[in-house]
Amino acid sequence: MTAQLIDGRHLARRLRARFRERVAALSARGVVPGLAVVLVGDNPASELYVANKVKACADCGVRSFMHRFHMDCRETELLDRIAALNVERGTHGILVQLPLPPQINARRVLESIVVDKDVDGFHLYNVGALVVGNSIFPPCTPYGVQLLLETTGIDVAGKNVVVVGASNIVGKPMALMLLQREATVTVCHVKTRDLAQHTIHADILVVAAGKPGLIKAEMVKEGAIVIDVGINRMADGRIVGDVDFEPVRERASWITPVPGGVGPMTVTMLIENTLRSAERFADGEAFHPPQPFWQVPAG
Ligand code: NAD
């Protein structure tokens, strides 16, 4: 069996064409969607990710506003800026590019973003909402994987899903989303003993470990769907995933390539969340008082 490719670029292009229609509809209602991007320091990888996000915004007609801070900036400077963005009417989404330098408490910064503009879905409210299955903004990478899985036409309900990787931004939310869709989910991580013993039972295998070549063909069930979230830059400059692509392709029924699989979808889902935020704004559903919800006085 040679797996069919799940083409993230193609799906991203189709979604973005629809986004442009939604932007036009919003504009007719007097709303231009806007995303604020907060970048601290000059980490080349972060610069690249941010440049991709800004480009995707421009491609869809979403305005983006860069907020750059020096590597040595104080946490209060960031918190003050986010407080201002929380109440700015032209800003519908606030994204803080991670990682942040060590003098800054990333959790505190993420919690300071008002829930209505948390388009990355990292605020504890959105994380908790994911657990009960009604988050406003699902985190972008697992959200993109979910749509990629839908393109195969296979219903995940009742399937054995194995997620390799348990980070807060990919593995854990991915597992929760698939559990919500009634899959039987196993989550593996760096301390999992005998990884292959788990992966071999997967009807759907989602890998997000950041380890090139981690998943070999003999670890994959014949006919499985394999989603490779990993992005690894090799010494020769090649970008590869976590899956040994060619041999695994001979066993799987569907597989995502790297690059061109999950990556384009992550950025696309950020735009989806920003548009959703702008639409909530236009419908009068969003923009409650800007305090974090636990500080809103009772009554
Ligand atoms: P992370 O380092 O925060 O987490 C990695 C997870 O993998 C951990 O839970 C760890 O326990 C597990 N792990 C590591 N080695 C393992 C092993 N040998 N066996 C089993 N589990 C192992 O990383 P992350 O932020 O979740 O990202 C994971 C990968 O996905 C990276 O390559 C990253 O670049 C990529 N990524 C891609 C996108 C995208 O849009 N395609 C988005 C986010 C992250």
I'm trying to understand the selection: among the residues of segment 31-44, which are closer than 11 Å to VAL62 by Cα and either in a helix (DSSP H, G or I) or more than 17 Å from the chain's Cα centre (by Cα) (or both)? VAL31, VAL32, PRO33, GLY34
Are there helices (runs of 4 or more DSSP H) fully within segment 105-169 with at least 3 residues that are free of Cβ contacts under 8 Å to residues at least 40 places away in the same chain and either surrounded by 22 or more Cβ atoms within 10 Å (Cβ to Cβ) or of a type outside the set (S, T, N, Q) (or both)? List them. 106-111, 124-132
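Quick one: which residue in GLU150, GLU182, GLU111 is at positive phi and acidic (Asp, Glu)?
After ruling out the rest, the residue left standing is GLU182.
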Identify, from the list GLY237, GLY241, the residue that is at pLDDT below 95 and either buried (at least 24 other Cβ atoms within 10 Å of the Cβ) or more than 30 Å from GLY61 (Cβ to Cβ) (or both). GLY237
How many of the residues making up segment 62-94 are within 20 Å of the chain's Cα centre (by Cα) and in a loop (DSSP other than H, G, I, E, B)? 3
Do we have any residue at all in segment 70-81 that's over 19 Å from ARG280 (Cα atoms), at pLDDT below 95 and acidic (Asp, Glu)? no
Among the helices (runs of 4 or more DSSP H) contained in segment 178-284, which hold 2 or more residues that are of a type in the set (D, E, K, R) and more than 10 Å from the ligand (Cβ to nearest atom)? 245-249, 262-282
Got a sec? Which of LYS216, LYS221, LYS211 is under 22 Å from the mean Cα position of the chain (by Cα) and at pLDDT 95 or above? LYS211
Is there any pair linking a residue in segment 262-279 that is small (Gly, Ala, Ser) to one that is within 14 Å of the ligand (Cβ to nearest atom) and assigned to a helix (DSSP H, G or I), with Cβ under 8 Å and at least six apart or on different chains, and which? GLY263/GLY8
Within segment 1-30, take every residue that is surrounded by fewer than 19 Cβ atoms within 10 Å (Cβ to Cβ) and assigned to a loop (DSSP other than H, G, I, E, B) and give me the one that is modelled with the lowest pLDDT. MET1
Consider GLU47 carefully, then state whether it is free of Cβ contacts under 8 Å to residues at least 12 places away in the same chain, touching a strand residue (DSSP E or B) at 6+ places or on another chain (Cβ under 8 Å) and part of a helix (DSSP H, G or I). yes
Taking segment 135-164 and keeping residues within 11 Å of the ligand (Cβ to nearest atom) and β-branched (Val, Ile, Thr) leaves THR141, VAL145, VAL162, VAL163, VAL164
From the set of residues in segment 74-97 that are β-branched (Val, Ile, Thr) and exposed (fewer than 13 other Cβ atoms within 10 Å of the Cβ), which is nearest to PRO33 (Cα to Cα)? VAL87
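The values are calculated or read from the model by the stated rules, or taken from the named source; none is laboratory data. What you see is a predicted model, and the numbers here were worked out from it, not measured in a lab. Note that each Cβ is placed from the backbone with ideal geometry, even for glycine, and that neighbours are counted across all protein chains shown.
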